[in-house]
1. Looking only at the stretch 12-57, count how many residues are more than 9 Å from the chain's Cα centre (by Cα), buried (at least 24 other Cβ atoms within 10 Å of the Cβ) and aliphatic (A, V, I, L, M).
2. Give the residues of the stretch 63-92 that are outside any helix (DSSP H, G or I) and either out of contact with any helix residue (DSSP H, G or I) (no Cβ under 6 Å at 6 or more places or on another chain) or hydroxyl-bearing (Ser, Thr, Tyr) (or both), sorted by residue number.
3. Out of all the residues in the stretch 93-109, which are open to solvent by less than 100 Å² (accessible area, probe 1.4 Å) and part of a helix (DSSP H, G or I)?
4. Take the residues in the stretch 40-88 that are modelled with pLDDT of 95 or more and of a type in the set (Phe, Trp, Tyr); name whichever of them is farthest from ARG13 (Cα to Cα).
5. How many residues, within the stretch 110-122, are in contact (Cβ under 8 Å) with a residue 40 or more places away in the chain and either at positive phi or open to solvent by 20 Å² or more (accessible area, probe 1.4 Å) (or both)?
6. THR60 passes all but one of (1) open to solvent by 50 Å² or more (accessible area, probe 1.4 Å); (2) not in a helix (DSSP H, G or I); which number fails?
7. I'd like the residue in the stretch 79-88 that is open to solvent by less than 100 Å² (accessible area, probe 1.4 Å) and free of Cβ contacts under 8 Å to residues at least 24 places away in the same chain and, out of all such residues, is nearest to LEU67 (Cα to Cα).
Amino acid sequence: MKDRSDLVAGLVRKAESDLLAMNASLGAGALDAACFHAQQAAEKYLKSFLASKEVAFPHTHNLSKLLDACVAIDPSLERLSEIAATLTPYAVELRYDFEFWPTKEAAQEARTAAIAVRDAITSRLA
């Protein structure tokens, strides 16, 4: 059975792959896909933090719920709350609401947000 460090490393690896997909999608003009992968990267980084602290994370795409669990461990992560609220709709709503199309500016903001989550979380991983 894999241990905690394997789970953390796996989540970070998946998050990094989502960042690559986000950048490729943004460059190709697939703005919805870029936003989706930004949300997915942030989700996996938050889950990696929880896993690193041996906290079972909920199976949810709601970044605010994941962030609440992270803030219970490290209150300084509260600064990511606006980011979490901004990215969460890109997980499900964007995929199924065919009238919900992000602008290039929104996609670039999603990219910036995902990178902020990455930086905040990876600096806290052992």
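1. Result for the stretch 12-57: 2.
2. ASP74, VAL92, listed by residue number.
3. Correct list: LEU94, ALA106, ALA107, GLN108.
4. Result: PHE49.
5. Selection size over the stretch 110-122: 4.
6. Against the list (1) open to solvent by 50 Å² or more (accessible area, probe 1.4 Å); (2) not in a helix (DSSP H, G or I), THR60 comes up short only on (1).
7. Out of the qualifying residues, it is SER81.
The values are calculated or read from the model by the stated rules, or taken from the named source; none is laboratory data. Because the structure is a prediction, the values reported are computed rather than measured. For neighbour counting, all protein chains shown are included, and Cβ atoms are generated from backbone atoms with ideal geometry for every residue, glycine included. We work out accessible area using only protein heavy atoms, side chains counted, and drop any ligands, DNA or RNA first. Shrake-Rupley method; radii C 1.70, N 1.55, O 1.52, S 1.80 Å.
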